[in-house]
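Contents: one structure, followed by commentary.
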Amino acid sequence: MGVSWGVTGRCILQVFTGSVAAYRAIDVARGLRRLGARVVPAITKAGAEFVTPKLLEWATGESVYTLWGSVRRDHITLSEECDALLIDPATLDTMAKVAAGLGDTEASLLAQAFIGAGKPVLMVPAMHGQLWSRATNDIIDQLEDLGVYVLEPLLAESRAKHPPVDEVVYWVDTVIARGRDYAGLRVLVTAGPTREWIDDIRFISNPSTGLMGYSVAGEAVDRGAQVTVVHGPTCLEPPRRALSIRVETAEEMAQVAAREARTLLPHIVFHVAAPVDFRPAEKREGKIRSEEASENGLVLRLIENPKVSLAVRDAAPQALHIGFTAAPVSDPEGLKEEAKKKLEKHGFDIVVANAAGRAFASATNEVVVVTRWGLVEYIPEAPKRLVARRLLDIALAALRARRKR
C-alpha cells in the first residue's frame, strides 16, 4: 500500500505578514509546491514592506492577493476555494487577534473565515523573544482551543526565529494529512548506527545515516506525540522538537534507551537503529600501526554486543514494539519471510523488513510490514518520511485495537 503527500492536489492559501522572516516563507511555498500543492499567495500591506508581490508570483506561479482594500469582499471566497490557510510568517499581532476572535485586519479576518469553514489554519510564528514569551502565556492555548495549529519557533539569540524550511514544509504536510492524531501519546525511537572502537581512531560501524529513524520521530512529533530519540553518531540533525540523546556504542545505546523507556513509559517504541552486532573484545589504546602486523596480518577478536531491542522491551513491556530488520534480500516475498522470522524469534508486535542494500544511505525506502495478528503490507519505494507516515498509521491502529481488547 502506498502513501502520498498530504498537500498533493490541495490548495493552500499562504498569507505573508509583516515580518522579516517572510523571505524564509517564500522557500516554504516553493517546498509545498514540490510536494504537489497549489500555493495561493496573499500579502498584507505590512508584509509587502519585506517581500514584493512580484516575487511571490514568481515563487508560486499564482496571482497574488494584495490584502488591503479588497479582503472584506474576498475572504469568504478564498475560504471556500482553498483547503487550508497557512500564515507564514505569523506576527504576535495576528496571533493575538485571531485568538481573541477578532477580524479587524486582513490576516485575522481570513483566519476567522477558515476557522468558521472548519478548515485547517496553521501559523508559523517569527518575532522577538520577548513577544514570543507573551504569546506563550495564553495566546497559544487560546489558538489551540480554536483548532489552530501553531509551529513552535526556533529560539536563539533572544529571538523566536522561523524554523528550518524543510521542517515547516513537512509539518504543514503532516498536519493537513493526519492532524494531531498522536496527541497524548509517548513514543520512543532508536535511530542511526553505533561505533565499536578498535583503537582510538578506527571503529566498526555500518552505513546507516539515521534518516529512517529521524523520519519516524519527526512524523510522530508533527502528529502531536511526545518523542524521545536515542541515536548513534550521524551527520544529520535529529528532529528539533523531540528530546534527542546521542550515544556511541551498542552497549551505551542499550543502557540509555532502556533508561529512557523506564522514564518515558512509551506507548509505542520504534526500534529503527542499526546497532553493530559485534565489538572488539579489547580496544587498543592509541593507534595500531601497520608495522605491528605480521605477514599473516592482524587478528581482531570480536564478541557479541547486547541486544538493544531486548533491553528496551524488558524496560517497557507495556509498549507496542515495532522492530526493523535489514534483510539480505530485496524482493517483497523474501522481505516478508525475513520479517516473519524476526517476528517469531524476537517477539516484536510488528516487524518492518527492508533490503539492506537499499535502505542504508538512501533518501527512500521500500519495506514489508508483518504483524503478530497476521497483517502483511507491502509499502513500495517512497521517501522515508512517507514510509514513516504509513508505519505510524499501522502502529496507531494496532494501539487502538489493543486498548479495545
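Every number in this text was worked out from the coordinates using simple rules, so none of it is lab data. Note that this is a predicted model, so its numbers are computed, not measured. Cβ coordinates were reconstructed from backbone atoms using ideal geometry, including for glycine residues, and neighbour counts include every protein chain displayed.
Some values worked out for this structure:
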| quantity | calculated |
| --- | --- |
| Residues whose placed amide H lies under 5 Å from that of T249, excluding near-sequence neighbours | R195 |
| Derived scalar couplings ³J(HN,Hα) [segment 311-316; Karplus, 6.51 cos²θ - 1.76 cosθ + 1.60; whole Hz; x for Gly, Pro] | 4, 6, 5, 5, 7, 9 |
| Highest-first arrangement of 216-223, 126-133, 308-315, 280-287, where packing means the average Cβ count within 10 Å | 216-223, 308-315, 126-133, 280-287 |
| Theoretical FRET efficiency, 1/(1+(r/R0)^6), r = Cβ-Cβ of E152 and K404, R0 35 Å, to 0.05 | 0.60 |
| Gain upon complete extension [L236, D199; 0.36 nm per residue less C-alpha separation] | 10.8 nm |
| Long-range HN-HN contacts of F16 with modeled amide H, under 5 Å | A42, I43, T44 |
| Normalised convex hull volume, segment 142-221, alpha-carbon set, Å³ per residue | 160 Å³ |
| Cross-link partners of K340 among lysines (Cα-Cα below 23 Å; sequence separation of 8 or more within a chain) | K307, K384 |
| Packing-based order for 77-83, 187-193, 335-341, using average beta carbon neighbours within 10 Å, highest first | 187-193, 335-341, 77-83 |
| Lysine-lysine proximity count for segment 11-178, Cα under 24 Å, sequence distance 8 or more or distinct chains | 5 |
| Cβ crowding within 10 Å averaged over residues, with 353-361, 97-105 ranked highest first | 353-361, 97-105 |
| Rough spin-label spacing in nm, given labels placed 7 Å along Cα→Cβ, for I288 and D314 | 3.0 nm |
| Fraction of antiparallel bridges per DSSP, segment 11-178 only, in percent to nearest 5 | 20 percent |
| Segment 137-230: antiparallel DSSP beta bridges as a percent of all, rounded to 5 | 50 percent |
| Segment R372-E49, length gained on full extension (0.36 nm per residue, minus Cα span) | 110.4 nm |
| Cα Rg, Dmax (largest Cα-Cα span) when computed across the chain, Å | 24.2, 86 |
| Where a label projected 7 Å from the Cα of D138 along Cα→Cβ would reach, residues of segment 101-124 with amide N under 18 Å | 101-102 |
| Potential extension, D27-L300 segment - 0.36 nm per residue separation minus Cα distance | 93.2 nm |
| Space enclosed by the convex hull of the alpha-carbon atoms of segment 11-178, per residue, Å³ | 99 Å³ |
| Value of relative contact order over segment 11-178, rounded to a whole percent, pairs C-alpha under 8 Å and six or more apart | 23 percent |
| Length-normalised contact order for segment 297-370 - Cα pairs under 8 Å, 6+ apart - percent | 29 percent |
| Separation between Cα centres of segment 121-153 and segment 321-352, rounded to whole Å | 42 Å |
| Listed residue (L146, A382, A273) projecting farthest to the positive dipole end of the chain, Cβ model | L146 |
| Percentage relative contact order, the chain, counting C-alpha pairs under 8 Å, at least six apart | 12 percent |
| Per-residue [θ]222 nm for the chain (sum of -39500 (n - 2.57) over DSSP H runs n ≥ 4, rounded to 500) | -11500 deg cm²/dmol |
